[in-house]
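The values are calculated or read from the model by the stated rules, or taken from the named source; none is laboratory data. For clarity, every value in this text was computed on a predicted model and none was experimentally measured. Positions of Cβ are backbone-derived with ideal geometry, glycine not excepted, and every protein chain shown enters the neighbour counts.
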Amino acid sequence: MKPAQLKQDKSAYPAYLVLALGLLVLTWSTLLGSSLPAQLADLGGLHKTGKITATWLGGSHQPEEGSFSLQDLRQLSQYSLRDYDLAYAMEASTSAAYQKNQSPAQVLGVNDRYAQFQQINMRSGNFLTFEQENQQVAVIDEELAQALFQNGNVVGLEIELYGREFKIVGVAGNDRFLIGTLTDRGYGTLYIPAKKLLELEADARITSLAVATKDAGTTGRNTAVLASALASIGQDTANYKIIDYNLAGLLMEQGNQLRHFGAGTVAMVMLFSLLRRKIKGIDHFCRLRLRDNYWWEMIKGDAVRLVFGIAAVSALAAVLLLVWKSISFSLYIPPQNIPNELIDVSFWADLIKKGIETRQQSAGYAAPPGEVQLNVLNTIQNWNLFLNIFLGWPLFLLGLYQTQLLQEKLLKVEVFCSIFLLAALSLGTALLWLIKMPLVMETGEVLLVFSSVFLTVVTFIDRRAADGGFTSEKFS
């Protein structure tokens, strides 16, 4: 079947639909990927990602002494971590009551600095203060306020916890959108002073510690400072899950850089293809001219054309180098995952064994709210990167290949891609706003994706690109 007949027999709509789906995935993954590190920073409160946490693994086989005591925390704040902001928390579940209304609630016993390490948006009142650490006061969220009082104007009222009356001093807002929805437990949360929760809940233990950091790099200084502090109160770091949020943010950004690298690689492949064709076109042109003319005659007669051809080659080479410079980055791998020798069976065996032991040790481990949010963001980032590489680009290339088989005109495909990319960009921005994710637009990355798309379109569809646009004319 001839190509012209194939075009008549087949509709172009399926090809453009596949092309549109690929462009939609590429654009959305670019916008979402840029917003995730910003969301992680927002969830970190005042200190953003400038913090490191230690959470007691708390398996049933571990002694109670593995958790923190108030005396331990006072010692840390006065000595080992004297110059650092420090927050701690414990978690329990109980029922909160107001008159005849009752509701299950997650109770977090915290100190006054806890709000500096977590995103707590106060709707009314204030968060717990240092002066209130011995008082029966509470901050509740809007969900619990609605469940008990059917409204949010409850500052100054009292709720019953563990048979005691707690005065409400503040109401915190709930995140009803993406991260809040994915981490919602289905019931409200309230915050009370940690000292009071220790008095009321027999099984309560201070299990989570957060410390502000002073090093935003990958030197390991933050972990060393925290490990030294834990050792000073007789704690073994092996009993704690330690997360440096500086590194967590860096690894999340690295996911964006990998996606950025993928788009840049596509652009470089297409640029190299155009560069090769342009050079072949100049070479073929010169060979044709030299059949009937000497070099000086060819240069004299076609100097302008040759100069423009060489300038185009130089420009493509310069753009190729510029793209490489914009997408190159240093891949960060945690040092504990790097062997001294590439072929080291014992290292990989020990790494696998350690991973299995960690999972066993973490049996029954309850991640604190901040870590749950980090895990959700990392999961979204991983899926976003996977869909970009293994769905977005394949769909786009498949749709483009189908339009090539149908002999669609270059201008038509370019116009379609232009309109749909702009529409996908607008739709993605609106969707981020609806789900209350940070609207972060990385202009360089968006332009790189757009450039990769149009370079690929030109390379696939433009027939003149096959000879560099140099030998399409007939010579007499």
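Being surrounded by fewer than 19 Cβ atoms within 10 Å (Cβ to Cβ), touching a residue at least 60 places away in the same chain (Cβ under 8 Å), over 30 Å from Leu431 (Cβ atoms) and not β-branched (Val, Ile, Thr) is the requirement here; does Leu70 meet it? Steps first, please.
Values: surrounded by fewer than 19 Cβ atoms within 10 Å (Cβ to Cβ): yes; touching a residue at least 60 places away in the same chain (Cβ under 8 Å): yes; over 30 Å from Leu431 (Cβ atoms): yes; not β-branched (Val, Ile, Thr): yes.
It is true that Leu70 is surrounded by fewer than 19 Cβ atoms within 10 Å (Cβ to Cβ), touching a residue at least 60 places away in the same chain (Cβ under 8 Å), over 30 Å from Leu431 (Cβ atoms) and not β-branched (Val, Ile, Thr).
Can you name the condition, by its number, that Arg113 falls short on among (1) free of Cβ contacts under 8 Å to residues at least 60 places away in the same chain; (2) over 18 Å from Pro368 (Cα atoms)?
(2)
For residues that are among the small types (Gly, Ala, Ser) and under 12 Å from Leu226 (Cα atoms), tally how many sit in segment 78-90. Even if it seems obvious, please write down each step before you answer.
Initial filter on segment 78-90 (among the small types (Gly, Ala, Ser)): 80, 87, 89.
Subset that is under 12 Å from Leu226 (Cα atoms): 80.
Residues in segment 78-90 being among the small types (Gly, Ala, Ser) and under 12 Å from Leu226 (Cα atoms): 1 in total.
Taking the options Leu26, Leu43, Leu70, Leu86, name whichever one is more than 17 Å from Ser208 (Cα to Cα) and among the hydrophobic types (A, V, I, L, M, F, W, C). It would help to see each step written out before you state the result.
On the way: Leu43 fails: more than 17 Å from Ser208 (Cα to Cα); Leu70 fails: more than 17 Å from Ser208 (Cα to Cα); Leu86 fails: more than 17 Å from Ser208 (Cα to Cα).
Being more than 17 Å from Ser208 (Cα to Cα) and among the hydrophobic types (A, V, I, L, M, F, W, C) holds for just one of Leu26, Leu43, Leu70, Leu86, which is Leu26.
Residue-wise test of (1) closer than 22 Å to Ala54 by Cα; (2) without any contact (Cβ under 8 Å) to a residue 60 or more places away in the chain; (3) not aromatic (Phe, Trp, Tyr).
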| residue | (1), (2), (3) |
| --- | --- |
| Val171 | no, yes, yes |
| Asp175 | no, no, yes |
| Leu198 | yes, no, yes |
| Ala202 | no, yes, yes |
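Say we look at segment 277-312 and pick out the residues that are surrounded by fewer than 18 Cβ atoms within 10 Å (Cβ to Cβ) and small (Gly, Ala, Ser); which of these is farthest from Thr459 (Cα to Cα)?
Checking each candidate, the answer is Gly301.
Just name the residue that is surrounded by the fewest Cβ atoms within 10 Å (Cβ to Cβ) out of those in segment 425-476 that are at pLDDT below 85, part of a loop (DSSP other than H, G, I, E, B) and charged (D, E, K, R).
Residues of segment 425-476 that are at pLDDT below 85, as a first pass: 441-442, 460-476.
Within this subset, residues satisfying the condition of being part of a loop (DSSP other than H, G, I, E, B) are 441-442, 462, 468-476.
Subsequent filtering for residues that are charged (D, E, K, R) retains 442, 462, 473-474.
Working: Glu442: 16, Asp462: 16, Glu473: 9, Lys474: 6.
Of everything passing the filter in segment 425-476, Lys474 is surrounded by the fewest Cβ atoms within 10 Å (Cβ to Cβ).
Looking at Ile279, is it in a strand (DSSP E or B), at pLDDT 85 or above and not small (Gly, Ala, Ser)? Give the steps one after another, and end with the answer.
Values: in a strand (DSSP E or B): no; at pLDDT 85 or above: yes; not small (Gly, Ala, Ser): yes.
The answer is no for Ile279.
For segment 158-169, what are the residues that are on the phi < 0 side of the Ramachandran plot and surrounded by 14 or more Cβ atoms within 10 Å (Cβ to Cβ)? Before the answer, list the steps.
Initially, segment 158-169 is screened for residues on the phi < 0 side of the Ramachandran plot, giving 158-161, 164-169.
Within segment 158-169, Glu158, Ile159, Glu160, Leu161, Phe166, Lys167, Ile168, Val169 qualify.
Does segment 150-185 hold any residues that are of a type outside the set (A, V, I, L, M, F, W, C) and assigned to a helix (DSSP H, G or I), and which are they? If you could, list the steps in order and put the result at the bottom.
So in segment 150-185, the residues of a type outside the set (A, V, I, L, M, F, W, C) come out as 150-153, 156, 158, 160, 162-165, 167, 170, 173-176, 180-181, 183-185.
Matches in segment 150-185: Gly180, Thr181, Thr183.
Among the residues of segment 248-273, count how many are closer than 21 Å to Leu321 by Cα and in contact (Cβ under 8 Å) with a residue 40 or more places away in the chain. Quick ask: steps written out before the conclusion?
Restricting attention to segment 248-273, the residues satisfying the condition of being closer than 21 Å to Leu321 by Cα are 256-273.
So of that shortlist, the ones also in contact (Cβ under 8 Å) with a residue 40 or more places away in the chain come out as 256-268, 270-273.
Matching residues across segment 248-273 total 17.
For segment 227-247, state whether one or more residues are more than 28 Å from Ala92 (Cα to Cα), within 18 Å of the chain's Cα centre (by Cα) and of a type outside the set (Val, Ile, Thr).
The answer is yes, given that some residue of segment 227-247 is more than 28 Å from Ala92 (Cα to Cα), within 18 Å of the chain's Cα centre (by Cα) and of a type outside the set (Val, Ile, Thr).
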